[in-house]
Amino acid sequence: MSILDELHFGGRRLPVITASEAAECGLACIAMISRYHGHDVDLNGLRQRYALSLAGASLKSLMEITDKLGFSTRALRVELGALDKVRLPAIVHWDLNHFVVLKSVGRRKLVVHDPALGVRVFSPEEFSKHFTGVVLELARAETFEPVSARMPMKLSMLWSRMTGWWPALAQVLVLSVALQIVTFVAPLQMQLVVDEALASVDRDLLTVIALGFGALVVIQAAIEALRSWALRVFGHLLSFQISGNLVRHLLRLPSDYFEKRHAGDIISRLGSTKPIQDAITQGVVGTVIDGIMACVAAVILFFYSTTLAMIVIAAVLINMALNLALFPRMKQRMEEEILAEAKEQTHLMESVRAATTLKLLGREAVRESGWRNLHADSTNASIAVGKLTISQSLIQSIVTGLQTVIVIYVAGRLILDGQGFSVGMLFSFLSYRQTFTDRANALVNQLMQFRFLRLHLDRLADIVTTPTELSGASSEPAEVRGHVRLKDVSFRYGATDPLVLEDINLEISPGDYVAIHGASGGGKSTLLKLLLGLNQPSDGMIELDGQRATAERWRAWREKVGVVAQDDRLLSGTLADNIGGFDPDLDMQRVVAAAVAAQVHNDIVRMPMQYLTLVGDMGSTLSGGQRQRVLLARALYRQPKILILDEGTANLDEQNEELIADLIDQMPITRIVVAHRPALLRRAKRVYEVGGRRLKEVQYGSGHSPLAAAVAAP
């Protein structure tokens with residue numbers, strides 16, 4: 001490593017990279033510093049290489065990841081006054097639960113790149129309130145080699161499956177060109193009236209000019225109406241297909257994608273399709289038309305007067321330079337606005353979902369105060385964007401106004417000096433000048449908007465570049481018998497996290513009844529997620545019906561599995577819809593049969609609307625036990641070959657639990673249950689205990705385990 005490189009004379013820039021997941025601030029910090037030192041990486045690429053769990057990253061985890069990226073690291077405990085001695089940029093531990101990048105240290109201010117909030121500037125006193133004293137220095141190791149791990153999103157990725165939009169776009173372009181041709185002819189009216197009709201006192205010519213241009217106005221209005229309609233049709237077609245492609249991809253992402261993100265943030269990302277849609281429907285067409293019109297108008301201006309044309313073009317170039325100078329600050333403020341709005345939306349959604357909990361805790365005022373603070377942050381961010389927008393408009397107005405004054409002055413001198421420039425030509429020139437200025441400024445503004453699209457594309461990239469769970473699945477169905485085998489399977493949630501399960505060997509044959517027991521947090525639900533393909537093993541292999549578990553086999557497996565999970569939800573609809581899993585060909589006989597088997601039919605028929613009773617994810621009139629039995633009925637409706645219950649009877653009374661346990665015991669299918677209570681455990685043919693990352697079989701009645709006493713209880 002050269003001395004120049006050490007002294008940072010290479011003009012490197014520290015980017016701002018915001019975190020998408022709730023616990024990936026450390027990874028975002030690594031991405032920023034990696035880009036600064038020459039790695040071509042982004043957050044999506046690092047996430048694919050070094051996945052983190054919901055617990056986030058520890059300082060040790062960050063050191064392990066940066067070591068793999070070719071950095072030498074040094075963890076330090078530093079006093080505030082000694083921060084100017086630290087090699088920058090460095091990762092700083094923040095608020096005891098967060099990581100940020102310290103960019104620069106001055107006597108009066110410290111600049112921080114926060115993965116949650118963007119660029120922040122602190123006084124030493126403010127900084128000390130957040131700083132925990134822990135700093136991680138990073139420097140290029142001798143083995144450092146730049147790597148490429150970027151997964152950028154291209155605009156074309158949004159319309160990969162779109163159809164029928166080329167004809168709609170062609171219509172818009174043709175009508176736009178026709179409209180602009182009419183617009184270019186209109187300024188000639190004033191020149192013809194002043195230089196021809198008035199100069200020759202020809203009333204008939206004046207009448208002809210008026211009638212001709214009057215007809216032109218009607219034609220222009222008709223073309224404008226047709227263009228507006230074509231543009232609206234094109235916009236709706238584009239919106240429908242882009243949003244459809246995005247939601248289709250989103251719903252097929254792995255379950256851990258949703259577990260690591262806030263719902264409000266995901267919804268906010270989907271909202272980024274609107275600016276992109278507007279840019280394509282109006283921006284692309286507008287840019288093409290504005291570019292053509294500006295060029296044609298410029299040629300016409302030079303035809304009238306080279307001197308005046310140069311004045312007009314110089315003003316447009318000045319305006320363009322000022323816009324480019326404001327762009328970095330505008331981009332930063334817009335990103336802060338988007339992030340602030342996402343945080344506010346997430347907080348509000350959580351508050352609505354937890355309304356009952358907040359009432360029970362008596363914390364409505366506290367939650368309201370938290371929302372008000374976030375709303376204030378969002379409002380302030382919007383005001384900051386507004387200030388820059390106003391400044392931009394002010395500068396543009398001043399430049400354009402001065403341009404008009406200078407043009408009229410110079411044109412007046414040309415007329416007075418008798419240099420072949422008439423009053424009618426002045427009126428026409430001013431019209432074409434206005435057209436050129438408007439088109440050129442619109443073109444500059446639109447090009448700047450296209451650059452701002454990178455903000456929205458980067459937000460959508462978190463969705464689009466994440467591989468779908470069954471991206472390699474084929475359309476050929478695989479036969480499912482209900483046989484599953486785990487061979488030396490280990491699992492960890494993050495690349496640097498400790499193992500949750502280790503060397504698990506388990507074989508379940510068709511028709512087996514297996515129960516899994518263990519302490520809370522021991523890995524039982526994780527094991528079930530492995531058996532459902534929701535999590536993939538870190539090591540080892542899973543076989544389904546004697547074949548290695550592939551995407552298509554997991555798809556076929558889930559088609560034949562009935563599941564009641566701990567976090568299952570009812571969806572908005574009727575009880576019949578929910579029990580039938582919103583089957584398009586709902587079979588009411590099967591719905592009733594499943595409800596009878598789940599011991600919930602009698603409860604349903606006592607309701608006024610019976611099976612048409614409306615329920616939803618936010619709540620209903622169902623009790624906890626009724627809701628769990630409805631979920632069990634939903635699993636049974638599928639007529640599964642494998643039934644998996646994760647504490648599927650935990651909310652039931654003893655009588656109903658015994659009835660359902662008898663039903664499950666008599667079913668001639670593969671059954672896998674996680675349970676703590678004896679009703680299910682004592683009926684299982686094999687019982688396993690999960691603990692200490694291991695899985696071991698427990699013999700019923702052996703008396704060597706607390707489980708034996710539990711299942712033997714009357």
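Against the test of being assigned by TED's automatic domain parsing to the domain that holds Glu344 and in contact (Cβ under 8 Å) with a residue 12 or more places away in the chain, the options Ser397, Ser378 yield a single qualifying residue, Ser378. Cβ-Cβ contacts under 9 Å between residues 6 or more apart (or on different chains), taken from a first residue in region 520-535 that is under 16 Å from Gly482 (Cβ atoms) to a second residue that is part of a helix (DSSP H, G or I) and among the basic types (Lys, Arg), are listed as Leu532/Arg558; Gly533/Arg553; Gly533/Arg555; Gly533/Arg558.
Within region 110-148, the residues that satisfy the criterion of being exposed (fewer than 14 other Cβ atoms within 10 Å of the Cβ) and assigned to a loop (DSSP other than H, G, I, E, B) are Ser123, Glu142, Thr143, Glu145, Pro146.
Would you call Thr466 modelled with pLDDT under 90 and not in a loop (DSSP other than H, G, I, E, B)?
Answer is no for this residue.
When Leu632, Leu643, Leu652 are checked against the criterion of being of a type in the set (A, V, I, L, M, F, W, C), surrounded by 18 or more Cβ atoms within 10 Å (Cβ to Cβ), out of contact with any Ser or Thr (no Cβ under 9 Å at 6 or more places or on another chain) and on the phi < 0 side of the Ramachandran plot, Leu652 stands alone in meeting it. Looking at Ala376, Ala365, Ala384, Ala442, just one residue is among the small types (Gly, Ala, Ser), at pLDDT 80 or above and in contact with a Gly (Cβ under 8 Å, 6 or more places away or on another chain), and that residue is Ala442. Candidates in region 17-43 are the residues that are surrounded by fewer than 21 Cβ atoms within 10 Å (Cβ to Cβ) and more than 25 Å from Lys85 (Cβ to Cβ); of these, the one that is modelled with the lowest pLDDT is Ala22. Of everything in region 536-576 that is small (Gly, Ala, Ser) and assigned to a helix (DSSP H, G or I), the residue that is nearest to Ile672 (Cα to Cα) is Ala556. Candidates are the residues of region 313-361 that are under 20 Å from Phe258 (Cα atoms) and acidic (Asp, Glu); the one that is surrounded by the fewest Cβ atoms within 10 Å (Cβ to Cβ) is Glu350.
Residue count for region 581-596, restricted to those that are modelled with pLDDT of 90 or more and under 21 Å from Ile664 (Cβ atoms): 7.
Of everything in region 253-293, what is of a type outside the set (Ser, Thr, Tyr), touching a Lys or Arg at 6+ places or on another chain (Cβ under 7 Å) and closer than 22 Å to His347 by Cα? Give them in sequence order. It would help to see each step written out before you state the result.
First pass over region 253-293, keeping only residues of a type outside the set (Ser, Thr, Tyr): 253-254, 256, 258-267, 269-271, 274-280, 282-286, 288-293.
Keeping just the survivors that are touching a Lys or Arg at 6+ places or on another chain (Cβ under 7 Å) gives 269, 290, 293.
Within region 253-293, Arg269 is the sole residue that qualifies.
Could you please let me know if Val92 is surrounded by 18 or more Cβ atoms within 10 Å (Cβ to Cβ), at pLDDT 85 or above and either within 25 Å of His130 (Cβ to Cβ) or touching a Leu at 6+ places or on another chain (Cβ under 7 Å) (or both)? Against the criterion (surrounded by 18 or more Cβ atoms within 10 Å (Cβ to Cβ), at pLDDT 85 or above and either within 25 Å of His130 (Cβ to Cβ) or touching a Leu at 6+ places or on another chain (Cβ under 7 Å) (or both)), Val92 qualifies.
Which of the numbered conditions does Pro668 fail, given that it passes all the others? Conditions: (1) at pLDDT 85 or above; (2) over 30 Å from Leu499 (Cα atoms); (3) out of contact with any Lys or Arg (no Cβ under 8 Å at 6 or more places or on another chain); (4) buried (at least 19 other Cβ atoms within 10 Å of the Cβ). The one condition Pro668 does not meet is (4). Exactly one residue among Val489, Val514 is in the same structural domain as Glu697 (by TED's automatic domain parsing) and closer than 26 Å to Leu253 by Cβ, and that residue is Val489.
Cβ-Cβ distances below 7 Å connect the following pairs, each with a first residue in region 643-656 that is closer than 16 Å to Arg569 by Cβ, a second residue that is polar (S, T, N, Q) and part of a loop (DSSP other than H, G, I, E, B), and a separation of six or more residues or different chains: Asp646/Gln566; Glu647/Gln566. Of everything listed in (1) surrounded by fewer than 16 Cβ atoms within 10 Å (Cβ to Cβ); (2) within 30 Å of Lys274 (Cα to Cα), the single unmet condition for Gly401 is (2).
Being closer than 15 Å to Ala298 by Cα and of a type outside the set (D, E, K, R) narrows it down to one of Ala411, Ala440, Ala384, so name that one. Full working, then the answer.
On the way: Ala411 fails: closer than 15 Å to Ala298 by Cα; Ala384 fails: closer than 15 Å to Ala298 by Cα.
Unique residue meeting the criteria: Ala440.
Hey, among Val288, Val299, which residue is among the hydrophobic types (A, V, I, L, M, F, W, C) and free of Cβ contacts under 8 Å to residues at least 12 places away in the same chain? Explain how you work it out, then say what you get.
Values: Val288 fails: free of Cβ contacts under 8 Å to residues at least 12 places away in the same chain.
Val299 is the lone residue from the list that is among the hydrophobic types (A, V, I, L, M, F, W, C) and free of Cβ contacts under 8 Å to residues at least 12 places away in the same chain.
Among the residues of region 496-511, those that are of a type outside the set (S, T, N, Q) and either surrounded by 17 or more Cβ atoms within 10 Å (Cβ to Cβ) or outside the structural domain of Pro640 (by TED's automatic domain parsing) (or both) comprise Asp497, Val500, Leu501, Glu502, Ile504, Leu506, Ile508. Scanning region 54-109 for residues that are closer than 26 Å to Val41 by Cα and part of a helix (DSSP H, G or I) gives Leu59, Lys60, Ser61, Leu62, Met63, Glu64, Ile65, Thr66, Asp67, Lys68.
Inside region 579-623, residues that are among the basic types (Lys, Arg) and surrounded by 12 or more Cβ atoms within 10 Å (Cβ to Cβ) make up a count of 1. Only one of the listed residues (Leu663, Leu680) is aliphatic (A, V, I, L, M), closer than 19 Å to Asp512 by Cβ and either surrounded by fewer than 17 Cβ atoms within 10 Å (Cβ to Cβ) or not assigned by TED's automatic domain parsing to the domain that holds Gly518 (or both). That residue is Leu663.
The values are calculated or read from the model by the stated rules, or taken from the named source; none is laboratory data. As the structure is a prediction and not an experimental result, all values here were calculated from the model. Cβ sites come from the backbone with ideal geometry, for glycine too, and all protein chains shown count toward neighbours.
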